[in-house]
Amino acid sequence: MPKIVITSSSKKKILNIISGWQGKLSWSLLCERVTKELGLESIVSRHTLLAYEDVKIAFEEKKAWLKEQPFSSSKKDDMQLQDAYSRIDTLEAKVRSLEAEKTALTEQFVRWQYNLYYMSNNMDELNKELPEGVNIEELRIELERKPVPSNINMSKLNQPLTKLTRADDNKRKRT
């Protein structure tokens with residue numbers, strides 16, 4: 001059984017490494033740095049990191065941000081000012097990463113809300129893409145205004161759901 005390298009605490013360290021990255025950023029450089037920072041014996045693979053959506057989003061956001069920044073070879077003499085600029089860059093990168101993650105989660109939630117309103121309880125239908133040209137924010141506001149569908153029992157909404165497996169979902173599709 002393979003060793004679990006990425007835990008919740010190590011994922012936070014990886015996200016901090018990405019948000020504080022300076023200079024050229026590539027998957028191979030990131031893998032080497034993560035291996036070094038986490039004190040691992042073998043190099044973490046790019047595929048391992050790509051398995052975590054928030055790491056992937058943070059990497060893409062940081063890479064895009066680094067491409068937008070003009071190359072600056074001038075060095076600041078004041079170390080405190082340099083540290084402040086570095087901290088600002090790190091926090092801005094973290095904010096951009098969190099905003100991108102929030103946007104992705106909001107889109108998924110609105111897609112689920114839309115599909116639940118118009119479809120049955122099938123998981124494949126629940127994750128179906130929204131129609132082309134749909135504005136997520138307008139759709140969210142519109143769905144909030146709609147009445148609860150008649151097939152929803154309001155008294156059962158706060159009760160815990162039974163665990164639904166993929167096999168259960170496939171059985172439901174066949175019937």
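Observations, loosely collected:
- Summed side-chain charge close to Ile14 - residues other than Ile14 whose Cβ falls under 10 Å, Lys, Arg +1, Asp, Glu -1: +2
- The string of couplings for region 51-66 from the Karplus curve (6.51, -1.76, 1.60, θ = phi - 60°) is 6, 9, 4, 5, 5, 4, 5, 4, 4, 5, 5, 5, 4, 5, 5, 5 Hz, one whole number per residue in order, with x for Gly and Pro.
- Modelled this way, with points 7 Å down the Cα-to-C-beta line, the labels at Glu138 and Thr103 are 1.8 nm from one another.
- Spin-label model, Leu29/Asn16: points 7 Å from Cα along the beta carbon direction are separated by 2.1 nm.
- Virtual paramagnetic centre 7 Å along Cα→Cβ of Leu130, amide N under 18 Å, in region 85-107: 99-107
- Efficiency of FRET between Val148 and Lys56 - r from beta-carbon atoms, R0 35 angstrom, step 0.05: 0.45
- Extension gain, Leu38 to Gln80: 0.36 nm times the residue separation minus the Cα-Cα distance gives 12.3 nm.
- Difference of contour (0.36 nm per residue) and Cα-Cα distance, Lys63 to Ile88: 7.3 nm
Only the coordinates and a few stated rules stand behind these numbers; no lab work does. Keep in mind it's a predicted model, so treat the numbers as computed, not measured. Glycine gets a Cβ as well: all are built from the backbone with ideal geometry, and neighbour counts include every protein chain shown.
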